[in-house]
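Working notes for the structure below.
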Amino acid sequence: MTNDYCLQHATIDWPLRSVPQARREGDIYWSFTGGLDEKRHVYIEGNGLPERFSSLKQSSFQVFELGFGFGLNFLLTASAWSHRAQPGQILHYVAVERAPVAPADLRRLLQRITISNKERLTQIYPAPVAGLHTLWFQPNVCLHLYLGDARSLLADGLLRNIDCIFLDGFAPIRNPDAWDPWVLKQLALASRSGATLCTYSVAGHVRRNLQAAGFQIQRRPGYGQKREMLHASLPPDTHEGTPLTVAPVSVAVIGGGLAGHQVARALSRRGIQPTIFDDGGIRLPMYALSPQVALNVNPESRLSLLGTQFTNNHLDVQRIGLQRKMSSGRRQRVLASLHPDVASDCGNGLLYTHGGFLYGKDLFTDETNTPDNRIQRGQVLDVVEQSDRVVVTFQPIHSPSTQIDNFDHVYIAAPDRALTVLSPVPLTPVWGQSVVIQADSTIDGPVIADGASIIPGPDGFQVSATYDRDRHSQSDPRYQDTEVLVHHFRRSHPDTRVQSIRAITGQRTTTPDRVPVAGPAPDWQALGAYCADNTQTRPFQNYSDRIGLLTGFGSHGTTLAPLLAEFLVASMMKEPTVLTRDLMTVLLPSRFLLRQVGRLQTPL
Ligand SMILES: Cc1cc2nc3c(=O)[nH]c(=O)nc-3n(C[C@H](O)[C@H](O)[C@H](O)COP(=O)(O)OP(=O)(O)OC[C@H]3O[C@@H](n4cnc5c(N)ncnc54)[C@H](O)[C@@H]3O)c2cc1C
């Protein structure tokens, strides 16, 4: 990871009638005679992917690539997968790139070649924010693109169950880090028994390092003028890796608000239709989407930048950027840590390229086509894990009697501390108000200034929000809050005639550190005992496999809920991680207690 929030793009030279070349490494991206055909030969056919995809019994397949470059191996793999995967099977393609190519270079290269779905790659290709980007390329293909150094991703120890590895970095002599013994050993540890690895390099030390890591190697005929390539595999009984979970049959989401709907969306990407329990929250007509970037680089801001990109890529965001007004001194300092593709100076503030706003209907529209019986109206009274089931006690809205249901997995996206499993999490509700103002004025896009947002919409300008910490239950809009918001609007639109004002109240929930809670539910009793025992030095390990917690979004629901819902669902289903360890740690539901005893670490 770099010191800044973003990486630099690779500087690429485009020699006439030749292949693109990375200036820093002084190396070409593929051989002069090879191109797509060579990649197909070495990586797709070399690993036997067409046959393995056709005969795959497990629900997913995981490829790891070192050196994403222009994404050609990814496109070839996705294409082979599309023709052969069975319904319900998912390809997870984890790729690492420390010098991502610029979008313009990517488009330039892809224009020259014929390969299916290449436009989709240019659509989802992320800005160079350092970290792990989760990008659903098509319904059964998820690209996990890590922008940063492979060593830091591998040091996290979160990669598991790799089926196949592509070593396609620059030549070992120009890029020795990518081929060193430690990297190859970590890859072996993260792979399943029988996993295969292919590379174009047959250099002696690459072969020796692979053997030392536990791979059995074989030289095979190379492509075209290249005499040889390398095929390696882990023996069948090396280790088992984490067994893949069987997809849960019955899943419930408690809370049908912004976060609950994102969990339902993440589940539906995996073909799971949950039952949603909701007692009727408030929805706004529009929501601003904006990253929060601190001057000192910290995990929370990185999360915010990655979350903004995820929302922008996977939801129907009105993509017009978002202006955040700030002083010129602060502006320059924030800009210095960001890439111009992420934010630019717009005179009196920053324009965040991936910010914007969403209509409430697009956040809550149920893509999952949830049938009526999947939405249960009423209040969940408790959620308790009992051996291999989770029991939900529920009070339907128009029924005198309670109802008890059992589920394989339950996600709690309701900020209700009356639920036993959520009661130790320090959540604070904060009521607030927005107004929708009809006025004869225009602004191009959403603006955040002096802590309030103004979003232009078809029914007027939505101005948000006030923070009423002294209010403890839902009540009618307050005159003084409306005044504050209208005053705010008039300050930025002094000559505007206000025609009508409609006020909406709502509630958000915050935590003491202003960071949401996202992760498996801790066994709170075991956590209490762990914290009381000063001799414990290993990370706390007792987390539920069946109950996930997701709440405490404060004012950042649109920025963080879609990404964190994806993270939580992926981790409950033992899929490749969506977040790196540092980001997982700041979100742990157990962090408040673990911090008190100075032992905050993610489980191994
Ligand atoms: C005035 C205002 C303006 C805002 N503007 C923005 C904005 O522009 N951009 C932005 O990103 N965020 C904004 N927010 C914040 C945003 O609304 C929250 O971040 C978001 O709603 C959090 O989602 P959630 O699902 O965690 O909570 P909620 O949306 O509150 O949903 C929780 C749901 O759980 C239900 N529930 C609770 N307990 C139970 C139970 N026991 N059983 C069944 N159901 C239960 C509730 O009824 C509710 O429907 C604003 C908030 C307010 C108040």
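Angle check, please: helix 557-572 long axis (alpha carbons) against the longest principal axis of the chain (alpha carbons), in degrees 0 to 90, nearest 10. The angle comes out near 50 degrees.
According to a simple spin-label model (label point 7 Å from Cα along Cα-to-Cβ), what is the distance in nm between Asp362 and Gln216? Each label point lies 7 Å from its Cα, and together they span 5.3 nm. Please give the net charge around Leu132, taking every other residue with its beta carbon less than 15 angstrom from that of Leu132, where Lys and Arg add +1 and Asp and Glu add -1. Neighbourhood net charge equals -2.
Overall, the anisotropy analysis places the stretch 353-500 in the prolate class: the square-rooted eigenvalues a ≥ b ≥ c of its C-alpha gyration tensor yield a/c not less than 1.5, with a/b exceeding b/c. With both residues required to sit in the chain, DSSP beta bridges show an antiparallel share near 65%. Sorting the segments 105-114, 297-306 by their mean number of nearby beta carbons within 10 angstrom, highest to lowest, gives 297-306, 105-114. Considering only Val251, His556, Ser500, and ranking their Cα positions along the charge dipole of the chain that arises from unit charges at the beta-carbon of Lys, Arg, Asp and Glu, the one farthest toward the positive end is His556. The stretch 223-294 and the stretch 379-424 have Cα centres spaced 23 Å apart. Scanning residues 5 or more positions from Ala130 or on other chains, those with amide H under 5 Å from its amide H are Cys6, Leu7, with H placed 1.01 Å from N in the peptide plane. Once C-alpha pairs closer than 8 Å and six or more residues apart are averaged by separation and normalised to the residue number of the chain, the relative contact order reads 13 percent. The length gained by stretching the chain between Arg478 and Ile397 to full extension, at 0.36 nm per residue less their Cα-Cα distance, is 26.3 nm. Shape analysis of the stretch 1-91 places it in the oblate category; the axes a ≥ b ≥ c from the Cα gyration tensor give an a/c of at least 1.5, with a/b not above b/c. For the stretch 12-233, rounded, prolate or oblate, judged on the Cα gyration tensor with a ≥ b ≥ c (square roots of eigenvalues), a/c < 1.5 rounded, else prolate if a/b > b/c? It comes out rounded by the Cα gyration axes. What number does the stretch 425-522 give for Rg over Rh if you use C-alpha atoms and the Kirkwood radius? Taking Rg over the Kirkwood Rh, I get 1.06.
Can you find, among Trp179, Leu7, Gly260, the residue sitting farthest towards the positive end of the charge dipole of the chain, where Lys and Arg contribute +1 and Asp and Glu -1 at Cβ? About the Cα centre, the residue reaching furthest to the positive side is Trp179. Among all stretches of the chain without exposed chymotrypsin sites (Phe, Trp or Tyr not before Pro) (DSSP loop, at most 16 other Cβ atoms within 10 Å), which one is longest? Result, exposed sites excluded: 33-466. For helix 204-213, report the angle its Cα long axis makes with the longest principal axis of the Cα atoms of the chain; keep it between 0 and 90° and round to the nearest 10°. Orientation of helix 204-213: about 60 degrees from the principal axis. Less than 5 angstrom separates the built amide H of Gln601 from those of Phe540, all sequence-distant by 5 or more or on a different chain. Taking the centroid of alpha carbons for each part, the stretch 59-124 and the stretch 528-604 are 30 Å apart.
To the nearest 10 degrees, how steeply does helix 479-492 sit against the main Cα axis of the chain, on a 0 to 90 scale? Roughly 60 degrees between the two axes. Estimated at 0.36 nm per residue, the fully extended path between Asp13 and Asp237 surpasses their Cα-Cα distance by 76.1 nm. Note on Lys574: lysines with a C-alpha under 19 Å away, same-chain residues under 8 apart excluded, are Lys57. In summary, the lysines within cross-link reach of Lys39, defined as a Cα separation below 20 angstrom excluding same-chain residues under 8 places away, comprise Lys118, Lys226. Multiplying the residue separation of Ser54 and Gln536 by 0.36 nm and removing their Cα-Cα distance gives an extension gain of 168.7 nm. If you take the Cα centroid of the stretch 143-192 and the Cα centroid of the stretch 297-324, the two points sit 27 Å apart.
Here, each number is a calculation from the coordinates, and none is a lab measurement. Model, not experiment: these values are computed from the prediction. For neighbour counting, all protein chains shown are included, and Cβ atoms are generated from backbone atoms with ideal geometry for every residue, glycine included.
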